[in-house]
Amino acid sequence: MREVPRPLTEEEREWLRQALSLLSTGEYLGGGRWVDAETGQVLPLDPPIDPEPYLAQIERLQVVDMCRCGDPGCHTVRFQHYRPGKSVALVHTNTLDGRQLIVFVDEETELLTELEVI
Ligand SMILES: [Zn+2]
């Protein structure tokens, strides 16, 4: 297990950049990409969000905790801004190798709090 706190790996930065790039297209919560199981319709796009305030945080993020579930497909890390009960999903998409990729943000401060790859 790697020491924490530590800076992000290049892979973690790339996952964040990939996910945050969906903010400006409105696809960040599945809009335009995922089909609603009940209606059979593709989910509508969400209002575009400027990704810059989030992208600008990447260089200063530190990993302070990592998931210890032991699943080799799980790569879930928590950043220094994490506060219990304050994180909400900002982007939900998939990695290039088909895992779920979810980026969480603090609902009050808008600081990135967690990267979940499962
Ligand atoms: Zn895990």
(request) List, in order, the whole-Hz ³J(HN,Hα) value for each residue of the range 89-98 obtained from phi through the Karplus relation with A = 6.51, B = -1.76, C = 1.60 and θ = phi - 60°; use x for Gly and Pro. (result) 6, 9, 9, 10, 9, 10, 6, 4, 9, x
(message) Can you list residues from other chains, or at least 5 along the same chain, whose modelled amide H is less than 5 Å from the amide H of LEU29?
(response) ASP46, HIS92
(request) Go through the range 80-87 residue by residue and turn each phi into a ³J(HN,Hα) via Karplus (6.51, -1.76, 1.60, θ = phi - 60°); whole Hz please, and just put x for glycine and proline. (result) 5, 8, 4, 10, x, x, 10, 7
(request) Work out the FRET efficiency for ASP97 and LEU45 from their Cβ-Cβ distance, taking R0 = 30 Å, and round it to the nearest 0.05. (result) 0.75
(request) Would you pull out the residues with amide H under 5 Å of SER24's amide H, same chain only if 5 or more places away, H placed 1.01 Å from N? (result) ILE49
(message) Rounded to two decimal places and with Rh computed the Kirkwood way over Cα pairs, what is Rg over Rh for the chain?
(response) 0.98
(request) Quick one: which residues, 5+ away or cross-chain, put their amide H under 5 Å from the amide H of THR113? H built at 1.01 Å from N. (result) PHE104, VAL105, ASP106
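With a Förster radius of 41 Å, plug the Cβ-Cβ distance of TRP34 and THR9 into 1/(1 + (r/R0)^6) and report the FRET value to the nearest 0.05. Please list the in-between numbers first.
Values: r = 28 Å, r/R0 = 0.69.
Efficiency at R0 = 41 Å is approximately 0.90.
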(message) Taking θ = phi - 60°, what integer Hz values does the Karplus form 6.51 cos²θ - 1.76 cosθ + 1.60 yield along the range 27-37, in sequence order, with x for Gly and Pro?
(response) 9, 5, 10, x, x, x, 10, 9, 9, 5, 4
(request) Might you tell me the accessible area per residue for the range 7-118, computed with a 1.4 Å probe and given in Å²? (result) 55
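The values are calculated or read from the model by the stated rules, or taken from the named source; none is laboratory data. This one's a predicted model, so the numbers in the text were calculated from it and none came from an experiment. So basically every Cβ, Gly included, is an ideal-geometry build from the backbone, and we count neighbours across all protein chains shown. With ligands, DNA and RNA removed, areas are computed over all heavy atoms of the protein, side chains included. Shrake-Rupley method; radii C 1.70, N 1.55, O 1.52, S 1.80 Å.
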